[in-house]
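**Q** Please read through the structure below; I'll follow up with questions.
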Amino acid sequence: MKVQANGLQIEVDDTGGEGRPVILLVMGLGMQLVAWPRDFVQPLVDAGFRVVRHDNRDIGLSEGFDHKGVGNIVWESIRLRLGLPVRSAYTLQDMAADSLGVLDALGIAQAHVVGASMGGMIAQRMAATAPDRVLSLVSIMSSSGARGLPGPRREVAAMLLRRPLGRGEDQLIAHSIRLLRLIQSPAYPQTDEALAERLRFSMRRAYHPAGMFRQMLAIGADTERPALLARIQCPTLVLHGRARRAGAHRLRPGHGTPHSRRAVRAHSRHGTRPPARGLRHPCQTHRPVPERDAIRHP
């Protein structure tokens with residue numbers, strides 16, 4: 001269903017019913033709400049939560065920004081490396097306002113916010129700038145955005161900017177599989193057929209690569225977020241993987257977020273899997289999670 005959020009038409013999936021504590025799931029760069037798979041969402045619903053997912057602006061079935069153009073990704077990347085401002089059609093703070101607007105549209109005062117990759121960056125901004133709305137924060141395979149951190153590995157960055165070999169559905173899917181093979185966890189192998197099925201479903205739902213590039217520029221333009229992290233007072237769990245190739249995570253306990261804990265999964269890279277057995281997070285405890293209890297199945 002669509003709701004009016006922050007002045008935009010935003011596509012929302014709302015599961016679990018009213019009267020439950022709410023988990024808002026915020027997805028990453030270029031990814032639709034369906035990238036949070038049902039086998040991720042259902043265990044949360046079964047645990048007693050109301051789970052809200054949405055397509056970020058410019059992706060999926062939410063309102064797009066094609067009238068803003070795309071910009072020159074290569075040139076803006078050079079500006080970023082030189083310490084010059086990156087020009088973007090909108091900001092991650094705008095996207096945080098979209099997420100808060102989704103809660104407003106559904107009549108939800110507060111939520112536990114879980115963000116993956118770019119969604120983690122949006123969630124960080126929500127927790128820092130709207131502390132009365134965010135009960136807890138879970139930042140998954142994301143980053144603080146601090147200058148000097150290593151970015152994606154060269155082969156991943158090149159693949160993100162590489163054009164598909166053609167515009168046909170099969171060619172687009174093959175291109176996406178090549179990217180996923182670079183960033184997904186070796187601990188959770190998936191066949192090309194399984195990946196193709198998920199990608200085909202997503203592409204037939206919506207396919208909007210220009211929106212992904214505008215979101216990429218919004219990430220590059222988000223240079224002030226590291227200074228905001230000290231404002232985050234809610235219980236915070238950082239989930240990351242040692243095998244990750246898409247970029248470095250430096251949202252660490254004691255590094256900006258005073259109430260954060262970190263859980264590192266030995267073989268994880270970039271991607272969503274069903275919640276691990278024994279994985280405890282602030283949504284379940286309403287308090288900071290001791291690191292010794294944060295994860296039991298690496």
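**Q** Every residue in region 81-103 that is among the hydrophobic types (A, V, I, L, M, F, W, C) and surrounded by fewer than 18 Cβ atoms within 10 Å (Cβ to Cβ), please.
**A** Leu82, Leu84
**Q** Out of (1) under 15 Å from Arg214 (Cβ atoms); (2) open to solvent by 30 Å² or more (accessible area, probe 1.4 Å), what's the single condition that is false for Gln42?
**A** It fails just one condition, (1).
**Q** For region 148-173, what are the residues that are assigned to a loop (DSSP other than H, G, I, E, B), in contact with a helix residue (DSSP H, G or I) (Cβ under 7 Å, 6 or more places away or on another chain) and of a type in the set (A, V, I, L, M, F, W, C)?
**A** Leu165
**Q** Give me a count of the residues in region 134-156 that are more than 13 Å from Ile219 (Cβ to Cβ) and open to solvent by 40 Å² or more (accessible area, probe 1.4 Å).
**A** Total satisfying the criteria: 7.
**Q** What residue, of Gln190, Gln184, Gln215, is open to solvent by less than 40 Å² (accessible area, probe 1.4 Å), without any contact (Cβ under 8 Å) to a residue 12 or more places away in the chain and under 21 Å from Trp36 (Cβ atoms)?
**A** Exactly one of Gln190, Gln184, Gln215 is open to solvent by less than 40 Å² (accessible area, probe 1.4 Å), without any contact (Cβ under 8 Å) to a residue 12 or more places away in the chain and under 21 Å from Trp36 (Cβ atoms), namely Gln190.
**Q** Of the residues in region 115-130, how many are out of contact with any helix residue (DSSP H, G or I) (no Cβ under 7 Å at 6 or more places or on another chain) and open to solvent by 10 Å² or more (accessible area, probe 1.4 Å)? Steps first, answer last, please.
**A** Kept after step one, since they are out of contact with any helix residue (DSSP H, G or I) (no Cβ under 7 Å at 6 or more places or on another chain), are these residues of region 115-130: 116-117, 119-120, 123, 127.
Checking which are open to solvent by 10 Å² or more (accessible area, probe 1.4 Å) leaves us with 117.
Qualifying residue count for the region: 1.
**Q** Limited to region 45-62, what total is found for residues that are surrounded by fewer than 20 Cβ atoms within 10 Å (Cβ to Cβ) and part of a loop (DSSP other than H, G, I, E, B)?
**A** The qualifying residues number 3.
**Q** Exactly one of (1) over 25 Å from Leu44 (Cα atoms); (2) at pLDDT below 85 is unmet by Ser185. Its number?
**A** It fails just one condition, (1).
**Q** Right, another one. Of all residues in region 64-112, which are touching a residue at least 40 places away in the same chain (Cβ under 8 Å), out of contact with any helix residue (DSSP H, G or I) (no Cβ under 8 Å at 6 or more places or on another chain), among the aliphatic types (A, V, I, L, M) and not in a loop (DSSP other than H, G, I, E, B)?
**A** The answer is Ala97, Val102, Leu103, Ala105.
**Q** A further question follows. Which of the residues that make up region 157-179 are buried (at least 17 other Cβ atoms within 10 Å of the Cβ) and at pLDDT below 85?
**A** The answer is Met159, Leu160.
The values are calculated or read from the model by the stated rules, or taken from the named source; none is laboratory data. Just so we're clear, the structure is a prediction, and the values are computed from it rather than from any experiment. Backbone-built Cβ (ideal geometry, glycine too); neighbour counts: all protein chains shown. With ligands, DNA and RNA removed, areas are computed over all heavy atoms of the protein, side chains included. Shrake-Rupley method; radii C 1.70, N 1.55, O 1.52, S 1.80 Å.
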